[in-house]
Amino acid sequence: MTTKLGSMFLTVLLASVFAARADAPTTLKGAFQGSFVVGAAVNAAQFTGKDTRGAGIVKEQFNTITPENVLKWEHVHPQLDTYTFDLADQYVAFGEQNHMFIVGHNLVWHNQVPDWVFRDDHGNLLTRDLLLKRMQDHIRTVVGRYKGRIKSWDVVNEALNEDGTLRQSLWLKIIGEDYIAKAFQYAHEADPQAELTYNDYSVENEPKRKGTIALVKNLQAQGIPITSVGVQSHISLTWPSIDQEEATISAFAKLGVKVAISELDIDVLPRAAMQGTADVKTNIKLDPKLNPYADGLPDSVQQALAKRYAELFAVYLKHRDVVTRVTFWGVTDGDSWLNNWPVRGRSSYPLLFDRAGQPKPAFQAVLQTAVPH
Ligand code: XIL
């Protein structure tokens, strides 16, 4: 009798273990289904399928994509009368074929924008009205082309300084503070259904977070539609703290906007630039001390990365009512911009897939956060 009960118990136990295993998620998009979409910034090799391995990972794991570069002004609109939509079209087609939530990045930024945008034929800075007209033409053309297909636009990127004041970009200098409202208004007119985002880095730091809150409130007070704040999240093993992360998400939630974790990567290399910055113009000289893992990542750091990713995803899940999307800035470590920024030629390990396209311990750790404990 006892043995019979015992063996029944064992059978039930084993069955439940196997059932749990069969249910355990194996993909990021599956694991967080119902909470938020999970994505990656993709490069041209991936979305054209030239990088078959990369394309395969994207299709299997992610349900949203962001273009790493091809929709930036200098790529899509290199000269006044020339738009080059070839790659952008392929990007959008790739997203549609794979039923993904397609993000547009970005419309108005001070980087990767040609200098002619701000000047007349004589090289003089444009007037406010002429620059507004140019900005409107660009937004209307680009957003209009993908109306109803690109579901969410990063309308203005990185308009703030670290202290929360407005960055002295040519957009601000020539147009004035309302260039941000105008950009959102033009984007809304071009595609009234599209979600519109203000996207920036280091908003986890209080001064910049306050500046972002003021920016959002200012748009809302004018009745300008803004859907979400993009918290870029180019972060490290130690910054920001989990408390800072929570406070940031909660502060934006209070404004009634959603939060997109829009460019997530975790730098494990020695810090070469200012904490929290993602200023793409930073360029620091390569020094072997800054590149300690050229021959591979030590297990201790691998584990620390996994733990850090798990802690962050626990926060995103806790705030799933407001966090709508988590997008990694790249697919495998080999693709990451952090191999060349802020120092050229380092070996960086910020993502969930290694240089061979294999999932890292951090991948399993992230999936585990989605399993109810
Ligand atoms: C980076 C790309 O990853 C690089 O390939 C490019 O050379 C420079 O820009 N914040 C942003 C992104 O909003 O567009 C930047 O992407 C990274 C920082």
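The values are calculated or read from the model by the stated rules, or taken from the named source; none is laboratory data. As the structure is a prediction and not an experimental result, all values here were calculated from the model. So basically every Cβ, Gly included, is an ideal-geometry build from the backbone, and we count neighbours across all protein chains shown. Heads up: the accessible areas ignore ligands, DNA and RNA and are worked out on the full protein's heavy atoms, side chains in. Shrake-Rupley method; radii C 1.70, N 1.55, O 1.52, S 1.80 Å.
Which numbered condition in (1) hydrophobic (A, V, I, L, M, F, W, C); (2) within 16 Å of the ligand (Cβ to nearest atom); (3) part of a helix (DSSP H, G or I) is the only one that Val203 fails?
(3)
Considering only residues that are within 16 Å of the ligand (Cβ to nearest atom) and either in contact with a Phe, Trp or Tyr (Cβ under 7 Å, 6 or more places away or on another chain) or of a type outside the set (A, V, I, L, M) (or both), which ones fall in segment 220-238? Working first, answer last.
Applying the first criterion (within 16 Å of the ligand (Cβ to nearest atom)) to segment 220-238 yields 228-236.
Of everything in segment 220-238, those that are within 16 Å of the ligand (Cβ to nearest atom) and either in contact with a Phe, Trp or Tyr (Cβ under 7 Å, 6 or more places away or on another chain) or of a type outside the set (A, V, I, L, M) (or both) turn out to be Ser228, Val229, Gly230, Gln232, Ser233, His234, Ser236.
Surrounded by 13 or more Cβ atoms within 10 Å (Cβ to Cβ) and in contact (Cβ under 8 Å) with a residue 60 or more places away in the chain: which single residue out of Ala40, Ala55, Ala93, Ala44 fits that description? First the steps, then the outcome.
Values: Ala55 fails: in contact (Cβ under 8 Å) with a residue 60 or more places away in the chain; Ala93 fails: in contact (Cβ under 8 Å) with a residue 60 or more places away in the chain; Ala44 fails: in contact (Cβ under 8 Å) with a residue 60 or more places away in the chain.
Among Ala40, Ala55, Ala93, Ala44, only Ala40 is surrounded by 13 or more Cβ atoms within 10 Å (Cβ to Cβ) and in contact (Cβ under 8 Å) with a residue 60 or more places away in the chain.
What single numbered condition from (1) charged (D, E, K, R); (2) free of Cβ contacts under 8 Å to residues at least 24 places away in the same chain; (3) surrounded by 16 or more Cβ atoms within 10 Å (Cβ to Cβ) fails to hold for Glu68?
Unmet for Glu68, out of (1) charged (D, E, K, R); (2) free of Cβ contacts under 8 Å to residues at least 24 places away in the same chain; (3) surrounded by 16 or more Cβ atoms within 10 Å (Cβ to Cβ): (2).
Failed condition for Arg355, given (1) surrounded by fewer than 19 Cβ atoms within 10 Å (Cβ to Cβ); (2) closer than 27 Å to Glu158 by Cα; (3) of a type in the set (Lys, Arg), with all others met?
Here Arg355 clears every test but (2).
Does at least one position in segment 313-330 carry a residue that is within 16 Å of the ligand (Cβ to nearest atom), closer than 25 Å to Lys59 by Cα and among the β-branched types (Val, Ile, Thr)? So that I can check it myself, show each step before the final result.
As a first pass, look at segment 313-330 and keep what is within 16 Å of the ligand (Cβ to nearest atom): 325-330.
From the residues that got through so far, the ones that are closer than 25 Å to Lys59 by Cα too are 325-330.
Subset that is among the β-branched types (Val, Ile, Thr): 326-327.
For segment 313-330, residues within 16 Å of the ligand (Cβ to nearest atom), closer than 25 Å to Lys59 by Cα and among the β-branched types (Val, Ile, Thr): present.
Out of all the residues in segment 260-310, which are of a type in the set (Lys, Arg) and either buried (at least 19 other Cβ atoms within 10 Å of the Cβ) or assigned to a helix (DSSP H, G or I) (or both)?
Taking segment 260-310 and keeping what is of a type in the set (Lys, Arg), we get 271, 281, 285, 289, 307-308.
Correct list: Lys289, Lys307, Arg308.
Output the residues belonging to segment 311-336 that are open to solvent by 40 Å² or more (accessible area, probe 1.4 Å) and among the acidic types (Asp, Glu). Step through it out loud before you land on a result.
In the first step, residues of segment 311-336 are kept if they are open to solvent by 40 Å² or more (accessible area, probe 1.4 Å); the result is 311, 314, 318, 320-321, 324, 334-335.
If the condition is that a residue be open to solvent by 40 Å² or more (accessible area, probe 1.4 Å) and among the acidic types (Asp, Glu), then Glu311, Asp321, Asp335 are the ones that fit.
Can you tell me which of Asp154, Asp115, Asp121, Asp137 is modelled with pLDDT of 95 or more, among the charged types (D, E, K, R) and within 21 Å of Val231 (Cα to Cα)?
Values: Asp115 fails: within 21 Å of Val231 (Cα to Cα); Asp121 fails: within 21 Å of Val231 (Cα to Cα); Asp137 fails: within 21 Å of Val231 (Cα to Cα).
The match here is Asp154.
Scan segment 238-267 for residues that are closer than 26 Å to Phe363 by Cβ and among the aromatic types (Phe, Trp, Tyr) and report the count.
The total comes to 1.
Within segment 347-373, can you find the residues that are touching a helix residue (DSSP H, G or I) at 6+ places or on another chain (Cβ under 6 Å) and charged (D, E, K, R)?
Within segment 347-373, Asp354, Arg355 qualify.
Let me confirm something: among Gln136, Gln185, Gln168, which residue is assigned to a helix (DSSP H, G or I) and more than 23 Å from the chain's Cα centre (by Cα)?
Gln136
State all residues of segment 322-350 that are touching a residue at least 60 places away in the same chain (Cβ under 8 Å) and out of contact with any Leu (no Cβ under 9 Å at 6 or more places or on another chain); if no residue qualifies, say none.
Listed by number, the residues that qualify are Val322, Thr324, Arg325, Trp337, Trp341, Pro342.
Those residues that are among the aliphatic types (A, V, I, L, M), over 29 Å from Gln61 (Cα atoms) and within 16 Å of the ligand (Cβ to nearest atom), I need them from segment 97-124; list them, please. I'd like the intermediate steps shown before the answer.
Quick first cut of segment 97-124, residues among the aliphatic types (A, V, I, L, M) only: 100, 102-103, 107-108, 113, 117.
Pick out the ones that are also over 29 Å from Gln61 (Cα atoms) and you get 108, 113, 117.
Result: Val108, Val113.
Could you list all residues from segment 206-234 that are outside any loop (DSSP other than H, G, I, E, B), β-branched (Val, Ile, Thr) and open to solvent by 10 Å² or more (accessible area, probe 1.4 Å)?
The answer is Ile213, and nothing else.
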